[in-house]
Structures are given as structure tokens and as C-alpha cells.
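One structure is given below, encoded as C-alpha cells.
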Amino acid sequence: MPYPQAPWTLQGYAIVTGHLINIDRVRHLIPRELEIISVFPGKTLGGVYLSYYGHGSVLEYSELIVIPAFVGYQGKIGGWVSHIYVDNPDSVAGGREIWGLPKELADFTWEKGERVTVRQGNRTLCNLNYKQQTFAWRQWLGGSSFSAKDTNLLNFSAELESRIGFIGSKLEVPSESPFSAIGLGQPLLTVRCEQMSLKVRAPEVVGQRAVEYSYQ
């Protein structure tokens, strides 16, 4: 088995953007058993998470996570991950087999701490230009996410401790990107995490999803 078992402990840094998303544009990406949480009429919260995990991590890799909505199920609230990319095959295998996440391989280019570009072959998935932190504080944060493996709906928690601060950023998602139709737009806010320690716990089965058949 080439990947470590959960929980995964990861050390590094991350940039997180927050967006208002039109629910109608993302409903098809999310199992119908999950309730999309509305923050304004017809709008939910989404985000992009870009990170690098280096020395001290169970695996070293870069990661791009796209969250098109926050959802609820049986009293639990968390993000739904529709697209996720990494540059380590062991992370792909572990993400798919442990958490049921649709991880794919991609290439990451981090430029002078100010820009990150993610590509698959000749296709650009996204570019993020971001500013350096001018003020940051040490913070502990916890949250959870949903995923699905076979017919099981899964929920898993994560805890993060980091120096965090608000920064400016500009996100570019070309029309060729698989998640361009989400309509992320420009971030409402962007948070930069430095000296980050992240623990992602094993998932638990919280329900079942309907099996959808296709006769194409």
C-alpha cells in the first residue's frame, strides 16, 4: 500500500479563497441527499484551497481543492469537494481509496510566493495571484467535509493550526478548466496560512446515496 493510513498530518502553507456561488450552477455537482446551505437567496458559499505540504508531512505534495458549496446532512455541516488535484500519485491513491475524493494528477508552479498556476498537460486549470501577508496571528481552526465512495456518503473532519492573515488575490479560471462552469468569480476574501499544521482524519459513513443508472 503506497500511501499512509489516516489520519494524515501535513505541514506547509496554503491560500484559501471564499466566493458567493449561484446554487443553480452547482446543484448537479452535489448528491441530491445533501442540502445546499443558502447564505443569500439562491447563493451558497464556495472556495478554492491551494496548498503545499513539505518537510514533516506524511506525504509531500501540492494540492488544489474546489468547493462549490457548503452542505448539510443529518445535522452535520461541511464543504463538498467537486474537484481536487495533487502532484503525487500516492496522494491520488490515498485520497480516492480512504476518503472517496476524486483526486487527479496535475502540475503546480509556485512563483516567488506571489502566484501559483495549476495545469493538466496543456490545459490550465487556474491561476491565483496573491499578496504577501502584512499582519498575521496564530489560530486553531476545525471543520469537516463530505465525500462519497460507492453508495456511501462520508464525512471527515480536519484540524488546522497556522499563522493566518487576510490578503488580496486575483483568481483566473480559464473556460477550458473543468470547473469553469461553477462561476467562482473574484474572491470575497482570501486567507493565507503560514507555518501550517493540518490533520485530516479518517472518514465515517453517515448515510447512503441513491444509485443513478445510465443506459448510454
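The values are calculated or read from the model by the stated rules, or taken from the named source; none is laboratory data. Bear in mind the structure is a predicted one, so any value in this text is a computation, not a measurement. Cβ: placed from backbone, ideal geometry, glycine included. Neighbour counts: every protein chain shown. For accessibility, only protein heavy atoms count, side chains too; no ligands or nucleic acids. Shrake-Rupley method; radii C 1.70, N 1.55, O 1.52, S 1.80 Å.
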Once the other residues with Cβ under 13 Å from the Cβ of residue 113 are scored (Lys, Arg +1; Asp, Glu -1), what is the net sum?
+1
Rg [Å, one decimal], Dmax [Å, integer] - the range 127-202, C-alpha atoms:
15.7, 46
Of 108, 40, ordered by accessible area with the largest first and a 1.4 Å probe, the sequence is 40, 108
Probe 1.4 Å, all chains present, heavy atoms only: residue 118 accessible area in Å², nearest 10, is 0
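What does the C-alpha gyration tensor say about the overall shape of the range 1-67? Classify as rounded when a/c is under 1.5, otherwise prolate if a/b is larger than b/c, or oblate.
Verdict is prolate for the range 1-67.
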With just the Cα atoms defining each centre, how far is the range 1-58 from the range 132-205? Give it in Å.
5
Trypsin sites (Lys or Arg not before Pro) restricted to the range 43-124 and DSSP loop, no more than 16 other C-beta within 10 Å
112
Can you list which of the GluC sites (Glu not before Pro) found in the range 84-184 are DSSP loop residues with at most 13 other C-beta atoms within 10 Å?
114, 176
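Per residue, how many Å² of accessible area does the chain show with a 1.4 Å probe?
On a per-residue basis, 50 Å².
I'd like the carbon and sulfur percentage of the solvent accessible area for the chain, probe radius 1.4 Å, heavy atoms only, ligands and nucleic acids excluded.
52
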Lysines within cross-link reach of residue 112: Cα-Cα under 25 Å, excluding same-chain residues under 8 positions apart?
131, 170
Taking all protein chains together and a probe of 1.4 Å, list 83, 28, 19 from the most accessible to the least accessible.
28, 83, 19
Taking the Cβ of residue 38 as the centre, find all other residues whose Cβ is under 15 Å away and add up their charges (Lys, Arg: +1; Asp, Glu: -1).
+1
State the answer as a single residue: which of 57, 41, 31 lies farthest towards the positive end of the charge dipole of the range 27-106, with beta carbon charges of +1 for Lys and Arg and -1 for Asp and Glu, about the Cα centre.
41
Tell me the net charge near residue 123. Cut-off is 12 Å between Cβ atoms, residue 123 excluded, with +1 for each Lys or Arg and -1 for each Asp or Glu.
-2
Per q in 0.13, 0.16, 0.17 1/Å, what log10 I(q)/I(0) does a Debye calculation on the alpha-carbon atoms of the chain return?
-0.74, -1.18, -1.36
Dipole of the range 94-161, positive end: most advanced residue of 136, 99, 156 [Cβ charges, Cα centre]:
136
List the lysines whose alpha-carbon lies under 17 Å from that of residue 149, not counting same-chain residues fewer than 8 positions away?
103
When the dipole is taken about the Cα centre of the range 59-168, and only Lys, Arg (+1) and Asp, Glu (-1) are charged at their Cβ, what size is it in debye, to the nearest 20?
360
Rh_Kirkwood(the range 41-144) over Cα pairs, Å, one decimal, evaluates to 15.6
